[in-house]
Protein chains: 2
Amino acid sequence: MKARVHVMLKTGVLDPQGEAIRHALGALGFAGVEGVRQGKMIELDLTETDREAAEAAVKAMCDKLLANTVIERYEIELL
Amino acid sequence: MKARVHVMLKTGVLDPQGEAIRHALGALGFAGVEGVRQGKMIELDLTETDREAAEAAVKAMCDKLLANTVIERYEIELL
């Protein structure tokens, strides 16, 4: 089973990388970009075939390693 | 309009960051993880309200700045 995890900074947490992208887009002539946030996407190939067990495992991975839950939120998507 | 861009390394391109995550997950006791690929996710807030124009603009941004199309592929999602 494949899982996709999106890790984003929580709302309100400063995102200098996103801000840098916004500036660069403006400098390249792209008008109308009001805000940019950058996050991570992690794709996992799991041997687990049970949907619920897979989701629980990925949730544990996020809490332990993939996301810093103090400043980041995550979404899990099973494919 | 909001747009979400996923940027991933193309299949076949070595992903040392994903490999490092796979090793770390194994060391933490998570068995059954066969492969990990890490990519970027970029969320854009656009003033453009027309769907087709927004998609064309985001595509241009990806080709010019957000993705290195030699080694990366991207997906655009309009929310």
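The values are calculated or read from the model by the stated rules, or taken from the named source; none is laboratory data. Everything numeric here is computed off the predicted structure, so don't read it as measured data. FYI the Cβ positions are ideal-geometry reconstructions off the backbone, even for glycines, and counts take in every protein chain you see.
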Are any residues in segment A:41-72 over 13 Å from A:Lys2 (Cα atoms), β-branched (Val, Ile, Thr) and in contact with a helix residue (DSSP H, G or I) (Cβ under 9 Å, 6 or more places away or on another chain), and if so, which ones?
A:Thr69
Candidates A:Ile21, A:Ile42, filtered to the one that is farther than 18 Å from B:Gln17 by Cα, β-branched (Val, Ile, Thr) and either in a helix (DSSP H, G or I) or modelled with pLDDT of 95 or more (or both):
A:Ile21
All but one of (1) polar (S, T, N, Q); (2) within 20 Å of B:Leu9 (Cα to Cα); (3) surrounded by fewer than 19 Cβ atoms within 10 Å (Cβ to Cβ) hold for A:Thr11, so report the exception by its number.
(2)
Checking B:Arg73 against (1) surrounded by fewer than 19 Cβ atoms within 10 Å (Cβ to Cβ); (2) within 11 Å of another protein chain (Cβ to nearest Cβ); (3) in contact (Cβ under 8 Å) with a residue 12 or more places away in the chain, which single condition isn't satisfied?
(2)
Taking the stated definitions as given, is A:Arg37 more than 17 Å from B:Leu28 (Cβ to Cβ) and touching a residue at least 40 places away in the same chain (Cβ under 8 Å)?
no
Search result, residues across segment B:24-39 that are surrounded by 12 or more Cβ atoms within 10 Å (Cβ to Cβ), within 10 Å of another protein chain (Cβ to nearest Cβ) and not in a loop (DSSP other than H, G, I, E, B)
B:Ala24, B:Leu25, B:Val33, B:Gly35, B:Val36, B:Arg37, B:Gln38, B:Gly39
B:Leu79 versus (1) more than 19 Å from the chain's Cα centre (by Cα); (2) in contact (Cβ under 8 Å) with a residue 12 or more places away in the chain; (3) away from chain A (no Cβ under 11 Å): which is the lone unmet condition?
(1)
Only one of these is surrounded by 13 or more Cβ atoms within 10 Å (Cβ to Cβ) and more than 7 Å from chain A (Cβ to nearest Cβ): B:Glu43, B:Glu48, B:Glu19. Name it.
B:Glu19
Just to be sure before I move on: is A:Gly32 out of contact with any Gly (no Cβ under 8 Å at 6 or more places or on another chain) and on the phi > 0 side of the Ramachandran plot in the structure I sent?
yes
Suppose we keep only residues that are small (Gly, Ala, Ser) and assigned to a helix (DSSP H, G or I) within segment A:45-72. Which one would you say is farthest from B:Pro16 (Cα to Cα)?
A:Ala53
Take the residues in segment A:7-16 that are touching a residue at least 24 places away in the same chain (Cβ under 8 Å) and either over 18 Å from A:Thr69 (Cα atoms) or facing chain B (nearest Cβ under 9 Å) (or both); name whichever of them is farthest from the chain's Cα centre (by Cα).
A:Met8
